[in-house]
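**Q** Shown below is the structure under consideration.
The values are calculated or read from the model by the stated rules, or taken from the named source; none is laboratory data. Just so it is clear, the model here is predicted, and its values are computed rather than measured. Heads up, the Cβs are rebuilt from the backbone with ideal geometry, glycines too, and the neighbour counts pull from every protein chain shown.
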Amino acid sequence: RQNFVIGINAMMLNIQTRLKEWRGDCFWNENAGVDWHNYLDVGTQKLLNRDIINVILNSYGVITIDSYSTTLTDRALSVTAKLKTIYGSVTLSEQLGLQIGSM
């Protein structure tokens, strides 16, 4: 009974998991996740940001995104967002260790 999370911690873990999910990877929900397959090319950062924002906004408990930014390095994408949730305001800071082409 002590190895699960509830409340805001559960919500944050759900968002983090959903951001790492590849679109088409889940057979019962083909549209879930981020379309990483098509965002590994140059010039796709706007589409990638749109997908990430949609994933965050469609996560349980999220009301609005107050601020959003991404930082791209050679091997990782960092996402930082200030969220208004049903639990109050919270900052999401997630490092997605994916091989992404320069955008």
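**Q** From the list V55, V62, pick out the single residue that is surrounded by 14 or more Cβ atoms within 10 Å (Cβ to Cβ), within 16 Å of L13 (Cβ to Cβ) and at pLDDT 95 or above.
**A** That would be V62, the only listed residue that is surrounded by 14 or more Cβ atoms within 10 Å (Cβ to Cβ), within 16 Å of L13 (Cβ to Cβ) and at pLDDT 95 or above.
**Q** Output the residues belonging to the range 72-91 that are within 17 Å of V34 (Cα to Cα) and in contact with a strand residue (DSSP E or B) (Cβ under 7 Å, 6 or more places away or on another chain).
**A** A76, L77, S78, V79, T80, A81
Conditions tested, residue by residue: (1) free of Cβ contacts under 8 Å to residues at least 60 places away in the same chain; (2) part of a loop (DSSP other than H, G, I, E, B); (3) under 23 Å from D25 (Cα atoms); (4) among the hydroxyl-bearing types (S, T, Y).
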residue	(1), (2), (3), (4)
H37	yes, no, yes, no
I53	yes, no, yes, no
I56	yes, no, yes, no
S59	yes, yes, yes, yes
S67	yes, no, no, yes
T71	yes, no, no, yes
S78	yes, no, yes, yes
K82	yes, no, no, no
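**Q** Okay, next question. I'd like to verify a number: residues in the range 1-52 that are hydroxyl-bearing (S, T, Y) and surrounded by fewer than 14 Cβ atoms within 10 Å (Cβ to Cβ), how many?
**A** Total meeting the criteria: 1.
**Q** Count, please, the residues in the range 17-35 that happen to be assigned to a loop (DSSP other than H, G, I, E, B) and touching a residue at least 12 places away in the same chain (Cβ under 8 Å).
**A** Within the range 17-35, the subset assigned to a loop (DSSP other than H, G, I, E, B) is 20-21, 23-33, 35.
If we keep only those that are touching a residue at least 12 places away in the same chain (Cβ under 8 Å) too, we end up with 20-21, 23-24, 32-33, 35.
Here the count works out to 7.
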